[in-house]
Amino acid sequence: MIGRGDGMRPVIFTIGGVEFYSYGLMVGLGYVLGALVAMRMARKKGVDPDSLLGFFLLLFVSGVLGGRLLHMALNPAGYPDLKTVLDLRDGGLSIYGVLMGGIIAVGVYCRVKRVRLGQLFDIVVPGVALGQSIGRWGCLLNGCCYGRLTGDGWGVLTRYAPGLRHPYPVYESVADFLLFALLLRMSERVPFEGGLFLIYMAGYSGIRFALEFFRDSHTFVAGLSHAQWFSALLFAASLGAFAYLKRKTGVENRPSL
């Protein structure tokens, strides 16, 4: 696929005249497997997984809505009418918009159901990383989220620009899966609720900042893209919040004299 540059499969198969799009299928598969991981995490933390079924639906709707709205804001020319806004078959979701929508969904759910915010974040984020890893294969098959020109005789093709390009979705898929493995390993070691979520946020923002150099993105300020500036701010904020909560937890857990 990478050597020949012919790996695009926007429509992965057709049954009875109905086309099934690779982007939607891979994103859906990633979401389902991520939800299963979250249910396992909930069970380990003493939370009934069945009680979260409504939450998973809310998370999905909020994530898609947030991802679409941010992508539209960054690419207004690509959405000239309502039909293009509603057509999700060929992608068009900003991952940071998906995350922001998901964070809002978690906050609303916790407030209504009186669930601890940090605990629910920690339950969800390993599955989020896994879902991202799988979903990026949908980007590869669809031909979107393409990388810069490789300048050599290898790479992948895209429908949206000429030449062989870095397989950015593959790079991020591998990095996201490593982040998923790290989160599973750290899930029992973080000493305070919300810590695993902050590790995820710092980890993903670091991944996105670094890999953005291989992606064909418009520069914003100082040669960096919108995503890189947002990633840098998120990385710093996540590390700062982690250090603060760790210090606060350490102070509160000291035995009184």
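Please treat every number below as a calculation from the coordinates, not as lab data. Predicted model, so just to flag it, every value in this text is computed and none were measured. All Cβ positions, even for glycine, are placed from backbone atoms using ideal geometry, and neighbour counts span all protein chains on display.
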Theoretical ellipticity at 222 nm over the chain - DSSP helices of four or more residues, -39500 (n - 2.57) apiece, nearest 500: -21000 deg cm²/dmol
Point-charge dipole on Cβ atoms (K/R +1, D/E -1) for the chain, about Cα centre, debye to 20: 720 debye
Segment R111-R43, extension gain: residue separation times 0.36 nm, minus the distance between their alpha carbons: 22.4 nm
Selection from G63, G223, G143, by position along the positive dipole direction of the chain (Cβ): G63
Relative contact order %, the chain, counting alpha carbon pairs below 8 Å whose residues are six or more apart: 21 percent
Straight-distance crosslink candidates among lysines, where the alpha carbon sits under 27 Å from K113 and sequence neighbours closer than 8 are dropped: K44, K45, K246, K248
Within segment 169-217: Cβ-based charge dipole about Cα centre, in debye rounded to nearest 20 (Lys, Arg +1; Asp, Glu -1): 120 debye
Prolate/oblate/rounded label for segment 85-198 (Cα gyration tensor, a/c 1.5): oblate
Gyration tensor verdict on segment 169-208 (Cα atoms; rounded if a/c is under 1.5, prolate if a/b is larger than b/c, oblate otherwise): oblate
Electrostatic dipole magnitude of segment 57-128 [Cβ: Lys, Arg +1; Asp, Glu -1; Cα centre; debye, to 20]: 380 debye
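Mind running the shape call on segment 157-257? Use the C-alpha gyration tensor, a ≥ b ≥ c as the square roots of the eigenvalues: rounded below 1.5 for a/c, prolate if a/b tops b/c, oblate otherwise. Kindly include the intermediate steps, with their values, before the conclusion.
On the way: a/c = 5.81, a/b = 2.17, b/c = 2.68.
It comes out oblate by the Cα gyration axes.
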Label-point gap, in nm, between A232 and K248 - each point 7 angstrom along Cα→Cβ: 2.7 nm
